[in-house]
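Read the structure below first, then the notes.
The values are calculated or read from the model by the stated rules, or taken from the named source; none is laboratory data. Remember, it's a predicted structure, so these values are computed and weren't measured experimentally. Virtual Cβ from ideal backbone geometry, glycine too; neighbours counted across all protein chains shown. In case anyone asks, the SASA skips ligands and DNA or RNA and just uses the protein heavy atoms, side chains included. Shrake-Rupley method; radii C 1.70, N 1.55, O 1.52, S 1.80 Å.
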Amino acid sequence: MRIGQGFDIHRLEEGRPLILGGIKIPSPKGVVGHSDGDALFHAVTDALLGAVSKGDIGQLFPDTDPKNKNQNSELFLKRALQFVQEAGFKIANVDTTVILQAPKLAEFIPPMRRKLAVLLGLQESQVSIKAKTHEKLDSLGRQEGVAVHAVVLLM
Ligand code: MG
């Protein structure tokens, strides 16, 4: 078995789209990023890469490469999954925590889970997305950013 851990954080600014888990979430503030800024997909991508010791998302898809500008983060996730498969592993489960002060994510978690499960070829029961606020503390609590933690287990 292998375990992988990933983390990502993006700044939020007024008037930008907020995309998490491939789902566009209605919000006055959205992510600042070179790609589409999907912090959930980025954290899971890094967890997968970490589990097979294949570096990190910034090495594979540098933000200095114009090809990655506004890139759909599904591509990063699919490439990480390829590394996992090439190394002879399958994903046992994925667990994530999204930290976002606002808006509330509860109603968007089912479609986010479905999307992540489909992209990774998993059952929804193998994919967990939890959401928390930051209790109004620090920059995340002031709605200046969104952060995601992810762990994966491979077998
Ligand atoms: Mg990112």
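How many angstrom lie between the Cα centre of the stretch 92-121 and the Cα centre of the stretch 1-79?
If we compute the Cα centre of each part, the gap is 13 Å.
Enter the angle in degrees (range 0 to 90, nearest 10) between the Cα long axis of helix 74-86 and the first principal axis of the Cα atoms of the chain, meaning the one along which they spread out most.
Computed tilt is about 20 degrees.
Which of Gly22, Gly37, Gly141 ends up with the largest GNM mean-square fluctuation for the chain, with Cα atoms connected below 10 Å?
Taking springs between Cα atoms under 10 Å, the residue moving most is Gly141.
What part of the accessible area of the stretch 36-146, given as a whole %, is carbon or sulfur when the probe is 1.4 angstrom?
Accessible surface attributable to carbon and sulfur in the stretch 36-146 totals 48 percent.
Taking the Cβ of Gln85 as the centre, find all other residues whose Cβ is under 14 Å away and add up their charges (Lys, Arg: +1; Asp, Glu: -1).
Computed value for this residue: +4.
Can you tell me the Rg and Dmax of the stretch 1-76, counting just the alpha carbons, in angstroms?
12.8, 43
Thr133 accessible area, nearest 10 Å², 1.4 Å probe?
Approximately 40 Å² of Thr133 is accessible to the 1.4 Å probe.
Quickly estimate the mean residue ellipticity at 222 nm for the chain, helices only: each DSSP H run with n ≥ 4 gives -39500 (n - 2.57), and the total goes over all residues, rounded to 500.
Result for the chain: -8500 deg cm²/dmol, rounded to the nearest 500.
Any idea what angle helix 39-51 forms with the longest principal axis of the chain, computed on alpha-carbon atoms, 0 to 90 degrees, nearest 10?
Once rounded, the angle reads 30 degrees.
Remind me, what semi-axes does the stretch 91-153 give for its equivalent ellipsoid, largest first in whole Å, using sqrt of 5 times each Cα gyration tensor eigenvalue?
Result for the stretch 91-153: semi-axes of 25, 12, 8 Å.
Sequence-distant or interchain residues sharing an amide H contact under 5 Å with Ile23, placed H: which?
none
Nearest 10 degrees is fine. How inclined is helix 109-120 to the longest principal axis of the chain, computing both from alpha carbons?
So the inclination is approximately 30 degrees.
State which entries of Lys54/Lys78; Lys69/Lys104; Lys78/Lys115; Lys24/Lys104; Lys29/Lys78; Lys104/Lys136 exceed 18 angstrom in Cα-Cα distance in the structure shown.
Long pairs (Cα-Cα over 18 Å): Lys69/Lys104; Lys29/Lys78.
Once phi is turned into θ = phi - 60°, what whole-Hz ³J(HN,Hα) does the Karplus curve with 6.51, -1.76 and 1.60 give for every residue of the stretch 12-20, x standing for Gly and Pro?
Each residue's phi maps through the Karplus curve to give 10, 9, 4, x, 10, x, 9, 10, 9 Hz.
Given a 1.4 angstrom probe, what's the average accessible area per residue across the chain, in square angstrom?
In whole numbers, the chain has 51 Å² accessible per residue.
For a test of the definition: using alpha carbon positions, the gyration tensor, and the 1.5 limit on a/c, classify the stretch 24-117 as rounded, prolate or oblate.
oblate
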